[in-house]
Amino acid sequence: MAVTSPPSLPAHPDPQLDAILHGGLPHELAYAFGGPFHLLLPERFDANVAAFRAGLDEAGVIGRVYYAKKANKAAAWIERCAVNGTGVDVASLGELRQAVGQGVRGENVVVTGPAKADDLLRVAVLQDCLIAVDALDELDRVITVAGTLARPARLLLRRLPPAQSHSRFGLDDAELATALERCVDAAEAVRMEGFSFHLSGYATQPRADLAGELVELCLKARGMGLQADRISIGGGFAVDYAAAGDWERFTAVQGPDDYHTGKSFTTADFYPYHSPVAGADALRVILTARPSGSGAPLADRLREAGVMLLMEPGRALLDRAGCTVFRVQGVKDRSGYAILTVDGTSLSLSEQWFNSEYLPDPVLLTTGDRRKSGPVRACVGGATCLESDVLTWRKAAFPVRPCPGDLLVYPNTAGYQMDSNESPFHDLPLPPKAVVDEADGRIRWRLDRRPPS
Ligand SMILES: Cc1ncc(COP(=O)(O)O)c(C=O)c1O
């Protein structure tokens, strides 16, 4: 099959992971599990948390990092949070149970999400969690729960971002004014610790702008006798999956002919797989930015006002902290390309369910010498009866023709790809997660340990 410079998007090189992938471990695990699996690298998570903390320290800003648990269900990350004193952002009672059950102290948990159920609010108050209040009726329920328990509720008031006023989350100006009055009236029942927001997208300046506004709101709330000494800027720190040049080339040349069934994608619907400013560097940029483009940088304003900076990164703490491995189960040909069928489903690659495509190139680990076969383009389908169950619509370029028994590795999948959508469809088992680390110079693995919910 002729291959004419197909669009490709290699993930950033990762020699340490390559050493693991090109050793015997993936094939051994594929044999042991008899199906797809995820590899988790908790040391990468630790390094990402440390980078965010370093960003705060460099700016001389007091702050706290809360891992947004929704990005991945594994226990491994929460274990690291418990040990390192990293906070956790939960949005359900199940997530709160997992966090506290693994040793995260309630005071290190922030509870986000809209219209939180009363049982979640009750446990949150009892555990001294910080509750990001999304609406006035929710605030009333928080005050009632706190009153019933005779225990103060620690809370933040979530701001509806003026620049994203269509959002269904947060309180607008009028609602915020009412909420502040109600917090004052609630007296001992609440500790109003500050404000929060979460913005869609990954731009840094809008985050600095809104953070600057929330600092002012803290000063106003303090004037009303409230504590108001912290703000949370939520998540949305970009992950940089691929090099700038590769991303530019990819987006410039890709078109319907590059996808199975001629499916077409708009570049704007893709995650921005290259981001010049990502992860903890995005935090650095936010801290040095001048809110609304003038005056002192955000870091100075936080320090001067005595306001602590909280953040809830999910994807960015999982950058390069995991990958997903499927076994090729079948290979057949179509005109000009092949269709690979793997032993799992696209439910383990969530991007495929958002009218988009997970673009970092899947990497082929062959079982034998295939050098004579030549390059091949292939899309990748799941082992189900659904036409739409496709892990890669793109006719991706492989250096040799894949064969049944080969492994296909999707890189950097820990952030939102692995398990947001997984279900045991067709009675296929959920892919297990193998936690990989190094001890005494040797790579070892264990199963991820999730306590029962
Ligand atoms: C309130 C809140 N905080 C944090 C996050 C995590 O965002 P990200 O994983 O993009 O950092 C989200 C994501 O939806 C969110 O809604």
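May I ask you to say which residue of 47, 30 is assigned by TED's automatic domain parsing to the domain that holds residue 441, among the hydrophobic types (A, V, I, L, M, F, W, C) and part of a helix (DSSP H, G or I)?
Values: 47 fails: assigned by TED's automatic domain parsing to the domain that holds residue 441.
From the options 47, 30, the qualifying one is 30.
Find the helices (runs of 4 or more DSSP H) located wholly in the range 91-203 whose residues include 3 or more that are crowded, with 21+ Cβ neighbours inside 10 Å and within 16 Å of the ligand (Cβ to nearest atom), and list them. Give the steps one after another, and end with the answer.
Working: elements: 93-101, 118-126, 136-149, 173-186.
The qualifying helices (runs of 4 or more DSSP H) are 93-101.
Among residues belonging to the range 50-78 that are part of a loop (DSSP other than H, G, I, E, B) and closer than 25 Å to residue 344 by Cβ, point out the one that is nearest to the ligand (Cβ to nearest atom).
So in the range 50-78, the residues part of a loop (DSSP other than H, G, I, E, B) come out as 59-62, 72-74.
Pick out the ones that are also closer than 25 Å to residue 344 by Cβ and you get 72-74.
Details: 72: 10, 73: 14, 74: 15 Å.
Only one residue tops the list, namely 72.
For the structure I just gave you, tell me whether residue 344 is outside the structural domain of residue 215 (by TED's automatic domain parsing), within 22 Å of residue 33 (Cβ to Cβ) and either touching a residue at least 12 places away in the same chain (Cβ under 8 Å) or open to solvent by 10 Å² or more (accessible area, probe 1.4 Å) (or both).
yes
Consider the range 79-90. How many of its residues are in a loop (DSSP other than H, G, I, E, B) and away from the ligand (no atom under 16 Å from the Cβ)?
Counting residues in the range 79-90 that are in a loop (DSSP other than H, G, I, E, B) and away from the ligand (no atom under 16 Å from the Cβ) gives 1.
Quick test for you: out of 290, 249, pick the one residue that is farther than 15 Å from residue 7 by Cα and either in contact (Cβ under 8 Å) with a residue 24 or more places away in the chain or assigned by TED's automatic domain parsing to the domain that holds residue 380 (or both). Before you say what the answer is, go through the steps one by one.
Values: 249 fails: farther than 15 Å from residue 7 by Cα.
Only one candidate passes the filter, namely 290.
For residue 277, are the conditions met, namely being in a loop (DSSP other than H, G, I, E, B) and closer than 15 Å to residue 206 by Cβ? It would help to see each step written out before you state the result.
Numbers: in a loop (DSSP other than H, G, I, E, B): yes; closer than 15 Å to residue 206 by Cβ: yes.
The answer is yes for residue 277.
Residue by residue, here is whether (1) away from the ligand (no atom under 16 Å from the Cβ); (2) farther than 30 Å from residue 194 by Cβ; (3) open to solvent by 20 Å² or more (accessible area, probe 1.4 Å); (4) part of a helix (DSSP H, G or I) holds:
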residue: 227; (1), (2), (3), (4): yes, no, yes, no
residue: 249; (1), (2), (3), (4): yes, yes, yes, yes
residue: 252; (1), (2), (3), (4): yes, yes, yes, yes
residue: 265; (1), (2), (3), (4): yes, yes, yes, no
residue: 271; (1), (2), (3), (4): no, yes, no, no
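Exactly one of (1) closer than 27 Å to residue 362 by Cα; (2) within 19 Å of the chain's Cα centre (by Cα); (3) of a type outside the set (Phe, Trp, Tyr) is unmet by residue 310. Its number?
Going through (1) closer than 27 Å to residue 362 by Cα; (2) within 19 Å of the chain's Cα centre (by Cα); (3) of a type outside the set (Phe, Trp, Tyr) one by one, residue 310 breaks only (1).
Quick test for you: out of 319, 361, pick the one residue that is open to solvent by 20 Å² or more (accessible area, probe 1.4 Å) and under 29 Å from residue 56 (Cα atoms).
Answer to the selection: 319.
State which residue pairs qualify: first residue without any contact (Cβ under 8 Å) to a residue 24 or more places away in the chain and inside the range 435-452, second residue of a type outside the set (S, T, N, Q) and open to solvent by 100 Å² or more (accessible area, probe 1.4 Å) in any location, beta carbons under 7 Å apart, and separation of 6 or more residues or different chains.
From residues that are without any contact (Cβ under 8 Å) to a residue 24 or more places away in the chain, there are no pairs.
State all residues of the range 415-453 that are small (Gly, Ala, Ser) and closer than 19 Å to residue 17 by Cβ; if no residue qualifies, say none.
Hits for the range 415-453 are 415, 434, 439, 441.
Can you find a residue that is of a type in the set (S, T, N, Q), out of contact with any Pro (no Cβ under 8 Å at 6 or more places or on another chain) and closer than 21 Å to residue 322 by Cα anywhere in the range 397-418?
Yes, there is a match, as at least one residue in the range 397-418 is of a type in the set (S, T, N, Q), out of contact with any Pro (no Cβ under 8 Å at 6 or more places or on another chain) and closer than 21 Å to residue 322 by Cα.
Taking into account only those residues within the range 396-453 that are assigned by TED's automatic domain parsing to the domain that holds residue 379 and among the hydroxyl-bearing types (Ser, Thr, Tyr), which is nearest to residue 380 (Cα to Cα)?
My answer is 410.
With the checklist (1) more than 29 Å from residue 133 (Cα to Cα); (2) open to solvent by 40 Å² or more (accessible area, probe 1.4 Å) in hand, flag the one item residue 57 doesn't pass.
That leaves (1) as the condition not met.
The values are calculated or read from the model by the stated rules, or taken from the named source; none is laboratory data. All of these numbers come straight from a predicted model, not from anything done at the bench. All Cβ positions, glycine included, derive from the backbone under ideal geometry; neighbour counts span all protein chains shown. Surface areas here come from the heavy atoms of the whole protein model, side chains and all, with no ligands, DNA or RNA. Shrake-Rupley method; radii C 1.70, N 1.55, O 1.52, S 1.80 Å.
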